[in-house]
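Every number in this text was worked out from the coordinates using simple rules, so none of it is lab data. The model shown is predicted, which means the values in this text are computed figures rather than measured ones. With ideal geometry, Cβ positions are generated from the backbone for all residues, glycine too; neighbour counts draw on all protein chains shown.
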Amino acid sequence: MTEEKNSCNHDCAHCSTKHDSCSNPSERERKFIAQMANIKHKIIVLSGKGGVGKSTVSVNIAFSLAMAGYRVGLMDVDFHGPSIPTMLGVKGARVESDNNAILPIEVAGVKVISVDFFLADSSDAVIWRGPMKQGAIQQFFEDVAWGELDFLIIDCPPGTGDEPLGLCQIVRGDKRAVVVTTPQEVAAADVRKSLDFCAKLSLPVIGIIENMSGFVCPHCATVTYIFKQGGGEKLAEQANVPFLGRIPIDPTVADCSDAGQPLVYKYPDSPTAKAFAEAVRPIGELLQGKD
Ligand code: ADP
């Protein structure tokens, strides 16, 4: 594919370059462009390291937005360790197709896609190199019947590898990142790399969410900061990006994940659900042009 620019107004479906070949997009490219246009905001959820609660936050962001009345999709591109299906109680579900489109699995109105839905056996390991992951991400956009969405929340594996890079190259239109960290300095140091990644790829950061921030005693409501306090906020300040809020360590979060129901959906009035609702407010405001 030539990198030469021409006078055509048409962006390439695969990258942000204007190519000669784009003056006459193929049927497939046209479909891809239409699919992208139907999804208003693509939100990529990143973390510097694993285990900080990125998938948990992705799920609860998606459901908080859906419960606020937005049309929401959730794409799991953590190909080697897809945990979204477990967190939603749909592990092992199988997708069907209609009119050559893959129908996402719907959970309480949220449209979900994960590699898990395509595996012969959910315990099979996915052994893919970068180009295969890129191809799968492309197909998730091209072939899944997302319909019109206000938000597509995309859960990435930790770090700055093939998947977030592939997404940045593939996704067209409004795309932004939410970065998840825990309060400790080590996680914060790792997440600096995620912020650097966003800066290098010109990916706007909506903000940082500090997860596992203090343990709220279920008996006396005293907050104990098991890890250090304020790492996420300090990092946000240093990086000059918004701090979206703190999600406490709440045993109910883990119980809900294991039981396949997001906490914000099962216990919408809990203090933790309210913390999530507060953290996603700036995401919802993107639709009102308040960004
Ligand atoms: P990651 O996607 O960053 O690897 P996960 O979302 O899979 O992390 O979370 C790792 C574990 O921590 C899961 O068992 C999850 O239920 C638990 N967890 C995440 N956030 C919280 C929280 N705020 N309070 C309690 N447990 C949490």
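Computed from phi, the 3J(HN,Hα) profile of the range 33-42 under the Karplus parametrisation 6.51, -1.76, 1.60 (θ = phi - 60°) reads 4, 5, 4, 4, 5, 6, 10, 5, 10, 9 Hz, with x in place of Gly and Pro. Look at 198, 220, 168 and count the other Cβ atoms within 10 Å of each Cβ; fewest to most, that gives 220, 168, 198. In summary, the lysines within cross-link reach of residue 228, defined as a Cα separation below 19 angstrom excluding same-chain residues under 8 places away, comprise 49, 54.
The length gained on full extension between residue 223 and residue 26, counted as 0.36 nm times the residue separation minus their Cα-Cα distance, comes to 65.2 nm.
Length gained on full extension, residue 145 to residue 40, computed as 0.36 nm times the residue gap minus the Cα-Cα distance: 36.3 nm. Here's the list of aspartates and glutamates a cross-link from residue 274 could span, going by alpha-carbon distance under 15 Å and ignoring same-chain residues fewer than 8 apart: 210, 250. Between residue 288 and residue 196, the simple label model (points 7 Å from Cα in the Cβ direction) yields a spacing of 3.7 nm. In percent, rounded to a whole number, the relative contact order of the chain is 23, using alpha-carbon pairs under 8 Å and six or more apart. Less than 5 angstrom separates the built amide H of residue 260 from those of 89, all sequence-distant by 5 or more or on a different chain.
Computed from backbone phi, the HN-Hα couplings of the range 73-87 come to x, 9, 10, 9, 9, 7, 5, 8, x, x, 10, 4, x, 5, 5 Hz, rounded to whole numbers (Karplus: 6.51 cos²θ - 1.76 cosθ + 1.60, θ = phi - 60°; Gly and Pro given as x). Under a 5 Å amide H cut-off, with hydrogens placed 1.01 Å from N, residue 74 pairs with 111, 112, 113, 153 among residues at least 5 apart or on other chains. Candidates 120, 109, 167 compared by Cα position along the dipole of the chain: farthest toward the positive end lies 167, with charges placed on Cβ. Couplings 3J(HN,Hα) of the range 273-288, computed from phi: 4, 5, 5, 5, 4, 5, 5, 8, 3, x, 6, x, 5, 4, 6, 8 Hz, in residue order, whole Hz [Karplus 6.51 cos²θ - 1.76 cosθ + 1.60, θ = phi - 60°; x for Gly and Pro]. Near the amide H of residue 225, within less than 5 Å, lie the amide hydrogens of 215, all on another chain or at least 5 residues away, with H placed in the peptide plane.
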